[in-house]
Amino acid sequence: MVAYRLRNNVFWNVGEVIGSSLVLYLVYRVVVYRLGLEALGLWALVVSATSIARMADMGASVGLSRYVAIAASAPEGQRSALTWIQTAFALNLYLYSALAIVVYLPAYWVLAWTTKGAETEGARALLPYSIACFTLMSIAGVGAAALTGLGRGDLKSKLMLVGLAVQALLTTLLVGRLGLIGIAVAQVVQYSVVLVGSWVLVRRLDPGGQAAGMWPFRIHRANLRALMGFGAKLQILNIVTFAFDPLTKFVFSATAGLAGVGLYELASRTILQVRQLIVAPAQNFTPLYAATDRTRPNELARVYSETNVYIFLTAAAAMGSIVIGSPLLSWIWFARLDSGFIIFTVILSIGWLLNIVASPSYLLGLALGRLRWNMIGTAVFALGAPLLGYLLHFWAGRVGVVTGIAVGAAIGGLVTILANPRTLGLPIMPSREVWVAVVSRIAGAITRRLNRI
């Protein structure tokens, strides 16, 4: 049953990522076609400035799936995780509502520093809408994490697909009338749908859900202390993680202009969406590792090694496909072969490969509450990559910026791969027997599927 549920979750997680990718390409294509590449760069810049608020995040969404999984694996009659979920909802509601107010002036100033003239006016006009999107997204993330922790990543993904359909429809209708503000309005509605839908599902799934009432935002002090204690460990990790996107965008804006930001956005988003095909299903590893460590600790090394093999094989196939398909992607975006886009895409694909392969190690540290090497690896990635990009732009212009970002992403992933399992007493690399077993399992599944055709 556990294996079936995991496969079902992975299937729908992949479907969610594919749907997300299609909607992202639709939205970006509409923006580029109707408003131009500079408008896309402006949107990316404003969103990055808004994400400054992540620096004050308490990690409620990130840590929640761990606590929910532990609560759900408790003895019969004690399995309700609702108090954890309500507390996380309330924490993010109050925190991000306050941050929405606090972050406005810093973001307002940053946009003036990175843009000029009419660009600054347009960015500042878009800022309140972007902040509203960001706030709702952060609150809705609690519901998504709760469903994952309850072992129902499939329902989480189905709900996300409904939200994406709403976003695609509204974006198509509103961008022509409202410009970039139309994207923001569509996302506000999208995240509202996810927020309400996830709470309804959680109430139905949790044993204590029906007695909880309709209001999801309720503080339970013991759970709040635990979430904030774990969140305090995650805070530094969150700061450096979410510093990556605005810092890289600011480096590009300062060295290559908004057109450079727009080109980088297209290349990086292409890769990150494919990356999500791997990383999104891998989120199921957090409750899997936590529950295995709690109930079957002797099997943790095997589970960890097998998940490493799956991630490596899928990451290599995915990044290799992007490299090979980069000319086709260029035709999709520009109706021509754009050498800058192709070079950006190839370099970033190589760098992100090692970062993706680090996912099981990163999630292992998160599941077991051992975050030291997660923090160090993420700091190398999130802070080192923009710095390397800035330094290398003196050597090779915008190609140097992309190279620095790719190298930083690769080194950060390598740190986590090597250090986390060693600290926890687990094998760094899967054994030959594990490789053979997993590859044989995959080959057998493919053969059975072909025989049915």
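Observations
- Scanning segment 145-196 for residues that are of a type in the set (Lys, Arg) and in contact with a Gly (Cβ under 9 Å, 6 or more places away or on another chain) yields a total of 2.
- Residue count, segment 289-306 (criterion: buried (at least 23 other Cβ atoms within 10 Å of the Cβ) and among the hydrophobic types (A, V, I, L, M, F, W, C)): 1
- Extreme residue, surrounded by the most Cβ atoms within 10 Å (Cβ to Cβ), among residues of segment 176-199 that are among the small types (Gly, Ala, Ser) and closer than 23 Å to PHE217 by Cβ: SER198
- Test: residue in segment 225-240 that is part of a loop (DSSP other than H, G, I, E, B), modelled with pLDDT under 80 and surrounded by fewer than 17 Cβ atoms within 10 Å (Cβ to Cβ): no
- Where a residue in segment 16-31 is on the phi < 0 side of the Ramachandran plot and its partner, wherever it lies, is of a type in the set (Lys, Arg), with Cβ under 7 Å and at least six apart: LEU24/ARG269
- Given (1) part of a helix (DSSP H, G or I); (2) over 21 Å from GLN273 (Cα atoms), number of the condition PRO430 does not satisfy: (1)
- Residue in segment 268-279 that is under 17 Å from the mean Cα position of the chain (by Cα), of a type in the set (A, V, I, L, M, F, W, C) and either more than 21 Å from ILE322 (Cβ to Cβ) or assigned to a loop (DSSP other than H, G, I, E, B) (or both) present: no
- Within segment 346-375, the set of residues being at pLDDT below 85 and under 16 Å from the mean Cα position of the chain (by Cα) comprises LEU366, ASN374.
- LEU329 being in contact (Cβ under 8 Å) with a residue 24 or more places away in the chain and within 26 Å of THR286 (Cβ to Cβ): no
- Residue in segment 163-175 that is surrounded by the most Cβ atoms within 10 Å (Cβ to Cβ), counting only those that are more than 18 Å from the chain's Cα centre (by Cα) and under 26 Å from LEU205 (Cα atoms): VAL166
Residue-by-condition table, conditions (1) at pLDDT below 80; (2) among the charged types (D, E, K, R); (3) crowded, with 17+ Cβ neighbours inside 10 Å:
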| position | (1), (2), (3) |
| --- | --- |
| VAL10 | yes, no, yes |
| GLU16 | no, yes, yes |
| LEU42 | yes, no, yes |
| VAL68 | yes, no, yes |
| PRO75 | yes, no, no |
| ALA88 | no, no, yes |
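- Taking segment 280-326 as the range and being in a loop (DSSP other than H, G, I, E, B) and of a type in the set (Lys, Arg) as the test, only ARG296 passes.
- Taken over segment 145-158, the criterion of being surrounded by fewer than 24 Cβ atoms within 10 Å (Cβ to Cβ) and in a helix (DSSP H, G or I) is satisfied by ASP154, LEU155, LYS158.
- Residues of segment 343-364 classified as more than 16 Å from VAL274 (Cα to Cα) and without any contact (Cβ under 8 Å) to a residue 40 or more places away in the chain, total: 0
- Only listed residue being more than 25 Å from ALA280 (Cβ to Cβ) and buried (at least 19 other Cβ atoms within 10 Å of the Cβ), chosen from ARG422, ARG432, ARG372, ARG398: ARG398
- Yes/no for TYR264 being buried (at least 17 other Cβ atoms within 10 Å of the Cβ), over 28 Å from ARG370 (Cβ atoms) and of a type in the set (Phe, Trp, Tyr): yes
- Qualifying residue in segment 400-423 (condition: farther than 30 Å from GLU265 by Cβ and of a type in the set (Val, Ile, Thr)): yes
The values are calculated or read from the model by the stated rules, or taken from the named source; none is laboratory data. A quick note: this is a predicted structure, and the numbers were derived from the prediction, not measured. Reconstructed Cβ throughout: ideal geometry from the backbone, glycine too, with neighbour counts over all protein chains shown.
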